[in-house]
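Here it is: the structure, laid out below.
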Amino acid sequence: MQITKSSRHSKIAGVFGEMLVLYWLSKYGFECASVDHTGIDLIARNPHTKEVMGISVKTRTRTRGKEAECVNILAEEFHKIQNACKAFGCRPYFAVVVDAGSIIRVFITSLARFIELCPPTKNASYWRMSERHLAQYAGDPQVMTFQMSTETRRWWGWKGAIC
């Protein structure tokens with residue numbers, strides 16, 4: 001069955017991604033909070049390094065056949081996160097959340113490492129989601145990652161077997 005997103009899906013997905021990252025950080029002992037500030041969505045203290053992290057979360061939902069599309073981060077986002085982190089005295093991080101069918105993948109890395117992995121062009125930077133790039137992120141000790149498998153067992157409008 002084809003997925004049709006609601007008119008507010010982008011906003012809802014963004015909040016979901018932020019809360020998922022916040023939950024995961026909290027689950028593993030990070031003192032953290034959601035913030036409403038231009039440039040960052042979360043502030044967290046890493047219990048292992050004591051570093052205070054200002055995290056900008058970027059969430060995307062990919063429909064069937066588009067699971068490997070990259071996540072575009074506009075160039076202006078880099079300035080926003082740097083300015084917010086300067087104001088709060090924290091180190092800038094990106095969290096990329098991608099819901100791609102039956103798997104939700106999350107990647108967290110410092111802004112510095114993000115730029116090394118995905119050098120920005122004049123307009124944007126691209127977090128790539130091909131199998132080759134996923135393997136690269138999995139082997140990179142500076143990219144923290146977790147994933148969740150999902151399965152919709154029954155839903156309105158479906159006829160017959162589980163999709």
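The values are calculated or read from the model by the stated rules, or taken from the named source; none is laboratory data. What you see is a predicted model; the values in this text were computed from it and never measured. Because the Cβ atoms are built from the backbone with ideal geometry, glycine has one as well, and the counts that use them run over all protein chains shown.
Which residues, taken from the range 86-123, are at pLDDT 95 or above, under 17 Å from the mean Cα position of the chain (by Cα) and among the small types (G, A, S)?
If the condition is that a residue be at pLDDT 95 or above, under 17 Å from the mean Cα position of the chain (by Cα) and among the small types (G, A, S), then A95, S110, A112 are the ones that fit.
Here's something else I'd like to know. Tell me, which residue of the range 50-65 that is out of contact with any Leu (no Cβ under 9 Å at 6 or more places or on another chain) and at pLDDT 90 or above is farthest from V15 (Cα to Cα)?
Among residues in the range 50-65 that are out of contact with any Leu (no Cβ under 9 Å at 6 or more places or on another chain) and at pLDDT 90 or above, the one farthest from V15 (Cα to Cα) is K50.
Continuing with this model, one more query. Can you report the number of residues in the range 1-27 which are under 21 Å from F146 (Cβ atoms) and loosely packed, with under 13 Cβ neighbours inside 10 Å?
Residues in the range 1-27 being under 21 Å from F146 (Cβ atoms) and loosely packed, with under 13 Cβ neighbours inside 10 Å: 2 in total.
Would you be able to say whether some residue in the range 77-92 is in contact (Cβ under 8 Å) with a residue 60 or more places away in the chain and aliphatic (A, V, I, L, M)? Break it down stepwise before answering.
If we filter the range 77-92 for residues that are in contact (Cβ under 8 Å) with a residue 60 or more places away in the chain, which is where we start, we get none.
Checking the range 77-92: not a single residue is in contact (Cβ under 8 Å) with a residue 60 or more places away in the chain and aliphatic (A, V, I, L, M).
Hey, another quick one. Of the residues V35, V106, only one is aliphatic (A, V, I, L, M) and more than 30 Å from R153 (Cα to Cα); which? If you could, list the steps in order and put the result at the bottom.
Working: V106 fails: more than 30 Å from R153 (Cα to Cα).
From the options V35, V106, the qualifying one is V35.
Further question on the same structure: Just to be sure before I move on: is T61 over 19 Å from V143 (Cβ atoms) and within 14 Å of the chain's Cα centre (by Cα) in the structure I sent?
Values: over 19 Å from V143 (Cβ atoms): yes; within 14 Å of the chain's Cα centre (by Cα): yes.
Spelling it out, T61 is indeed over 19 Å from V143 (Cβ atoms) and within 14 Å of the chain's Cα centre (by Cα).
Could you please give the count of residues in the range 66-79 that are closer than 19 Å to V15 by Cα and not in a strand (DSSP E or B)?
Total meeting the criteria: 1.
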